[in-house]
Amino acid sequence: MNDDQHKKRQISLGYIAIALLLIFGLQFLFVRGMSRDIPYSEFKQYLDQGMLRDVSVSPTDIRGVIVRSETEQEAFVTNRVDDPELVRQLEEKGVRFSGRQANSFFGTILSWVLPLLIIFAIWNFTMRRMSIGGPGILNVGQSKARLVADEEAKKTSFRDVAGIDEAKEELNEVVEFLKTPSKFEELGGRIPKGVLLVGAPGTGKTLLAKAVAGEAGVPFFHISGSEFVEMFVGVGAARVRDLFSQAKGKAPCIIFIDELDALGKVRGFNPIGGHDEREQTLNQLLVEMDGFDTRAGVIIMGATNRPEILDPALLRPGRFDRQVVVDRPDLNGREAILKIHSQSVKLAKEVDLKVIAGRTPGMVGADLANIVNEAALLAARRGKKSVTMNELDEAIDRVIAGLEKKKRLISPKEKKIVAYHEAGHALVAETLPNTDVVHKISIVPRGIAALGYTIQLPTEDRYLMTKSELEDRLAVLLAGRVTEELIFGDVSTGAQNDLMRATDIARAMVKEYGMSGKMGLMAYERPRNPFLTGDNWMPTEKEYSEKIAAEIDEEVKRILDETHDKTQKIIEEKRETLDSLAKLLMEKEVVDREEFKKLLKLAV
Ligand code: ADP
Ligand code: MG
Ligand code: ZN
């Protein structure tokens, strides 16, 4: 709420208060002010002397006129006292009198007006709150997307984005399409309707989306998912409709929905019944995305750092069907990002950005931009002419301290564990005969859960897997864990996903594929009914006894244990290679196939 609105509300409340005071005052004047307040005893005296006229009695007071002479009359009021004699005396003296309701005319009005005023004040207050950001209540359905082509986006280009080259490459196609839609039409190529940027916070998703618009030179409609979700039911949906119709008029263009997860969380059952506001908005978004043709030249981009909570409906073909992973930058990437951000900063000659990049593993673009900025501020405060290594070092420490609080940083110890873990996977994969080739090993954290990864590419398309292939795959999965045990004498939580996948494979070998000698050829589980899988997964019925279940568990455990020992032997044998691979990983963070092969050759 801004100051202006604050003031306005205070003024209107002030008016109400003044009006109330006025009404009270008037009532006082009319009813009380014109009659003299007299004590009851005095009233009784006048009554005795027969000087009263036109008396009216209410439960609380008595009013009337004192007649001193023909010309000297005076209205009076007195508080009523419990006096059973009163009526008899009045009759005795022949005074005209009447009973009266307790409430005066003004009292009656007041009892109506006051609640009305209060209701009006509350209504007024709520209306103001709802229409903040727009001139009035009639505007709530209008889209807040900044429809005037974002000037900032126009100035942004791929040159401003570094360290995420793979994502850039993937988005190049979108740029080409937006530049010359007709070319794609002629070729009949399929253009994605929706592109979802997935990556940790600060990796440059928003920046990248702007750069796409800037490169293509098209208008950029930027709205955040949380802006759709409003207080009024139906407003979010109206906003989506409005946004799309406006965008269609400006095609070719980009609609960018930042923080898509705020809007696109999995729809669930609503215990109160009916759809809630967010769901309605999401449904409207799905309808709009289905309802238009890519050839209209509108590309929808979304960004999220939590793809796992998105409603699966959003990711279906024809919606956000292309996902672009925006990774954390590796060593070279970080150097490139630092270079971009230090363009406008005067660096001392001695500064080596490579060294800075080496000191900032796991950091994302936003963190690095922050470091350069911090360092420049420090240098200015110290009255230096240029930013030296000194300031940069201090800036790194500050940013690290901030990140540690948010638990987003990898410590050197963790880095070593991850390096050995991944080296173990890679080494075993390369040693065993029936595995896919190791394509790339990385200890740059990816996504939220995985701290590192080893990518293996299959050499041929596969429909069947043999028992020995499955066994070797199991060994590769366990290798990370085994390595940790051997090197550190301790294990970390990093192997959770590996163990889960290994257990699944071992269980399937026993229960579905008849690959365990002891359990024989019997299939203990059918493939799940495809109509029941997917969104509404249901456990299948168990068709065997508890005894068999225990035996299966034992078999699964045996397979895993045997694989563990086999893997351990391999790693013990290749300990030296493992050490040098882990060392290389810690240095470079990413090791590709070439380098890996070179290292293996040296070791032999
Ligand atoms: P996200 O949307 O992924 O959370 P942003 O795009 O908002 O991240 O990034 C915030 C800022 O960090 C950007 O404006 C830019 O200055 C800097 N930044 C992030 N990633 C990069 C990158 N890859 N290259 C250059 N600058 C980056
Ligand atoms: Mg963002
Ligand atoms: Zn692993």
Worksheet item: How about LYS518: which lysines have a C-alpha closer than 26 Å to its C-alpha, ignoring those fewer than 8 places off in the same chain?
Response: LYS467, LYS542, LYS547, LYS557, LYS566, LYS569
Discussion item. In whole Hz and in residue order, list the ³J(HN,Hα) couplings for the stretch 559-574 that follow from phi through the Karplus curve 6.51 cos²θ - 1.76 cosθ + 1.60, θ = phi - 60°; x for Gly and Pro.
Written reply: 4, 5, 4, 5, 5, 4, 5, 4, 5, 4, 4, 4, 5, 4, 5, 9
Worksheet entry | J(HN,Hα) series, the stretch 170-175, from Karplus relation 6.51 cos²θ - 1.76 cosθ + 1.60, nearest Hz, glycine and proline x | 5, 7, 4, 4, 5, 4
Worksheet item: Which of the peptides 201-214, 65-78 is most tightly packed, and how do the rest follow, going by the mean number of other Cβ atoms within 10 Å of each residue?
Response: 201-214, 65-78
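Suppose a student asked you for the relative contact order of the stretch 331-400, using Cα pairs under 8 Å spaced at least 6 residues apart; what percent would you report? Don't jump to the answer; show the numbers that get you there.
Details: 70 pairs, mean separation 27.0, N = 70.
About 39 percent, as a whole number.
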Worksheet item: Simple spin-label model, 7 Å along Cα-to-Cβ: ASP83 to GLU308 in nm?
Response: 8.6
Practice prompt. Taking amide H positions as placed in the peptide plane 1.01 Å from N, state which residues far from VAL387 in sequence (5 or more) or on other chains have amide H under 5 Å from it.
Written response: LYS346, LEU347, ALA348
Worksheet item: So what are the ³J(HN,Hα) numbers for the stretch 507-520, from phi and the Karplus equation (6.51, -1.76, 1.60; θ = phi - 60°), rounded to whole Hz, Gly and Pro as x?
Response: 5, 5, 4, 6, 8, 10, 9, x, 9, 10, x, 5, 8, x
Worksheet entry | Interchain or long-range residues, amide H under 5 Å from VAL195's placed H | ILE300, MET301, GLY302
Worksheet, complete the sentence: If R0 = 56 Å, then GLN343 and THR60, at their Cβ-Cβ distance, give a FRET efficiency to the nearest 0.05 of 0.10
Response to the item:
Links exceeding 22 Å between C-alpha atoms in this model, out of LYS155/LYS349; LYS574/LYS597; LYS349/LYS416, come to LYS155/LYS349; LYS349/LYS416
Worksheet item: What is the set of long-range amide H partners of GLN456 at a cut-off below 5 Å, with H atoms built 1.01 Å from backbone N?
Response: HIS439
Worksheet item: Separation between the MET522 and LYS93 pseudo-spin-labels, each 7 Å from Cα along Cα→Cβ, expressed in nm?
Response: 11.3
Fill in: Length gained when the stretch ASP393-TYR544 is fully extended (0.36 nm per residue, less Cα-Cα span)
48.0 nm
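Just so you know, all these numbers are worked out from the coordinates, no wet-lab data involved. What you see is a predicted model; the values in this text were computed from it and never measured. Note: ideal-geometry Cβ built from the backbone for every residue, glycine included; neighbour counts use all protein chains shown.
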